[in-house]
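Enquirer: The following block contains the structure, expressed as structure tokens.
The values are calculated or read from the model by the stated rules, or taken from the named source; none is laboratory data. Quantities reported herein were computed from a predicted structural model and do not represent experimental measurements. As a convention, Cβ positions derive from the backbone with ideal geometry for all residues, glycine included, and neighbour counts pool all protein chains shown.
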Amino acid sequence: MKQLVAVFFGIVLSQNVFAVPAHVNYIFDGDTFAAQVKLEDDIKISVRVRILDIDAPEISGKCDQEIQGALRAKNRLAELLPIGSIVQLSDIKDDKYLGRIDARVKTSDGKNVSSIMIKEKLVRKYSGGKRLGWCE
């Protein structure tokens, strides 16, 4: 799998592609989903995509408030990125977890997913480093 992800990055970066289309396969939580990306005519890979710039509550959270917030964020992300829809991935980066990438994500009609989720207060802005807790 790591080789396929490396190939993915190599193709994307070598072509100076601004955005890569991907088909949404599954929503994991409020900031991560699975997608299928077409590398070439006969090569497709499935990757997990962590949306850049946001941090969502965890479904396996430490308190009921976090768990409920996580479910709201996941449900909203599922509305924004319906299974089978095509999204645009940009600013693609390798992630700390094997088989996962980090990317900015736009809906099929060009809306920035991070901005929507932040505006609706379902997630927080995140630029790396230690994440804050969701429980009071």
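Enquirer: Taking R72 as meeting all but one of (1) under 11 Å from the mean Cα position of the chain (by Cα); (2) outside any strand (DSSP E or B), write down the number of the exception.
Expert: (1)
Enquirer: I'd like the residue in region 104-119 that is outside any strand (DSSP E or B) and not polar (S, T, N, Q) and, out of all such residues, is farthest from N25 (Cα to Cα).
Expert: K119
Enquirer: Further, regarding this structure: With respect to L122, is the statement that it is outside any loop (DSSP other than H, G, I, E, B), among the aliphatic types (A, V, I, L, M) and either in contact (Cβ under 8 Å) with a residue 12 or more places away in the chain or closer than 24 Å to A19 by Cα (or both) true?
Expert: Considered against the rule, which asks whether it is outside any loop (DSSP other than H, G, I, E, B), among the aliphatic types (A, V, I, L, M) and either in contact (Cβ under 8 Å) with a residue 12 or more places away in the chain or closer than 24 Å to A19 by Cα (or both), L122 comes out as no.
Enquirer: Quick check on D29: is it surrounded by fewer than 20 Cβ atoms within 10 Å (Cβ to Cβ), under 12 Å from the mean Cα position of the chain (by Cα), modelled with pLDDT of 85 or more and farther than 20 Å from S108 by Cβ?
Expert: yes
Enquirer: Right, something else. For region 17-39, enumerate the residues that are over 29 Å from G61 (Cβ atoms) and part of a loop (DSSP other than H, G, I, E, B).
Expert: Scanning region 17-39 gives V17, F18, A19.
Enquirer: Would you tally the residues in region 92-119 being touching a residue at least 24 places away in the same chain (Cβ under 8 Å) and either in contact with a His (Cβ under 9 Å, 6 or more places away or on another chain) or basic (K, R) (or both)?
Expert: So the answer is 5.
Enquirer: The conditions are (1) surrounded by 20 or more Cβ atoms within 10 Å (Cβ to Cβ); (2) free of Cβ contacts under 8 Å to residues at least 60 places away in the same chain, and I54 fails exactly one of them. Which is it?
Expert: Going through (1) surrounded by 20 or more Cβ atoms within 10 Å (Cβ to Cβ); (2) free of Cβ contacts under 8 Å to residues at least 60 places away in the same chain one by one, I54 breaks only (2).
Enquirer: Still on this structure, please answer the following. Can you tell me which residue within region 125-136, out of those that are hydrophobic (A, V, I, L, M, F, W, C) and surrounded by 12 or more Cβ atoms within 10 Å (Cβ to Cβ), is farthest from F18 (Cα to Cα)?
Expert: C135
Enquirer: Quick one: which residue in I101, I92 is hydrophobic (A, V, I, L, M, F, W, C), assigned to a strand (DSSP E or B) and over 17 Å from D29 (Cα atoms)?
Expert: Going through I101, I92 in turn, just one is hydrophobic (A, V, I, L, M, F, W, C), assigned to a strand (DSSP E or B) and over 17 Å from D29 (Cα atoms): I92.
Enquirer: Next question. Kindly provide the set of residues from region 75-106 that are small (G, A, S) and more than 12 Å from the chain's Cα centre (by Cα), ordered by number.
Expert: Result: G84, S85, G99.
Enquirer: What are the residues in region 118-136 that are modelled with pLDDT of 95 or more and farther than 10 Å from D55 by Cα, if any?
Expert: K119, E120, K121
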